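**Student:** Pasting a structure here, questions to come.
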C-alpha cells in the first residue's frame, strides 16, 4: 500500500477483509487516513463486520475512496462490501461474484470475464495456478464507450483488462488466489509484480479446524 498497511488478509479466527481503491472521483480529502490500515483494524477488533461498517460510516470523509470487503470465511462465509464514496453497503449471498473498483466500461469486461473464467474453473478441481493464470489476462475490453473523459481511448483500453501492465504508478501489483475446502483447509498463492524482481510468489496453507 502507498501509505502502509495491507490490501487483503484473514485471521486465524476466520475473519476476512480485502480492499480496493475507488479511483477517478472528484474527492478532495485533506490529510487522509491510510486506507491500508482498515484491514488490520477489522481483523484485530472483536466486533462484527456489520458493526465495523457502521463505525466506518461516521469517518468515511476522512479517507480517500475505497471499497472494503469484510466478513468471515470460517466457520461459515458471510461477506459484505462497503463503499465510502457512495456510502453504500452490499451483502453477498453464496455464489459467484465479481468486484471491481469502477462502475464503467473500464471494469465491465474484467468483471464479466472473471465470472466466466471462475464458473468454468469450478466445474473441475480447483487449481490455484489456473486461477492465477486467468487473472493475468491482459486482453482489453473490445466495447469501450463509457470511461473517464481525461483518458484517451488507448489509455482506457490498457486500463480495462483483468491484468493491467504497469503504467508509471498505475497497474496490477499483485494477483492472489484463495481456495477453502469443506474441511477448513485454506490454500493461498500470491504473485507480486515488482520492477526490480519481475515476479515474487508467496504460498500459504492454513487449517481452521
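The values are calculated or read from the model by the stated rules, or taken from the named source; none is laboratory data. In this text the structure is predicted, and so the values were computed from the model without any measurement. Positions of Cβ are generated from backbone atoms using ideal geometry, with glycine treated the same way; all protein chains shown enter the neighbour counts.
**Student:** Quickly run through the range 134-150 and pick out the residues that are more than 10 Å from residue 110 (Cα to Cα), surrounded by fewer than 18 Cβ atoms within 10 Å (Cβ to Cβ) and under 19 Å from the mean Cα position of the chain (by Cα).
**Tutor:** 136, the sole residue that qualifies.
**Student:** Could we say that residue 172 is on the phi < 0 side of the Ramachandran plot, in the same structural domain as residue 109 (by TED's automatic domain parsing), surrounded by 14 or more Cβ atoms within 10 Å (Cβ to Cβ) and not in a loop (DSSP other than H, G, I, E, B) here?
**Tutor:** Answer is no for this residue.
**Student:** Return the residues of the range 136-169 that are in a helix (DSSP H, G or I) and out of contact with any strand residue (DSSP E or B) (no Cβ under 9 Å at 6 or more places or on another chain); say none if nothing qualifies.
**Tutor:** Residues satisfying the conditions are 153, 154, 156, 157.
**Student:** Please go through the range 175-209 and pick out each residue that is out of contact with any helix residue (DSSP H, G or I) (no Cβ under 9 Å at 6 or more places or on another chain), within 22 Å of residue 99 (Cβ to Cβ) and in contact (Cβ under 8 Å) with a residue 60 or more places away in the chain.
**Tutor:** Across the range 175-209, the qualifying residues are 180, 186.
**Student:** Next question, about the same structure. So, residue 100, is that one within 24 Å of residue 204 (Cα to Cα) and touching a helix residue (DSSP H, G or I) at 6+ places or on another chain (Cβ under 8 Å) or not?
**Tutor:** The answer is no for residue 100.
**Student:** Let me ask something additional. I'm trying to understand the selection: among the residues of the range 54-77, which are surrounded by fewer than 19 Cβ atoms within 10 Å (Cβ to Cβ) and either on the phi > 0 side of the Ramachandran plot or not in a loop (DSSP other than H, G, I, E, B) (or both)?
**Tutor:** Of everything in the range 54-77, those that are surrounded by fewer than 19 Cβ atoms within 10 Å (Cβ to Cβ) and either on the phi > 0 side of the Ramachandran plot or not in a loop (DSSP other than H, G, I, E, B) (or both) turn out to be 54, 55, 57, 58, 60, 61, 62, 72.
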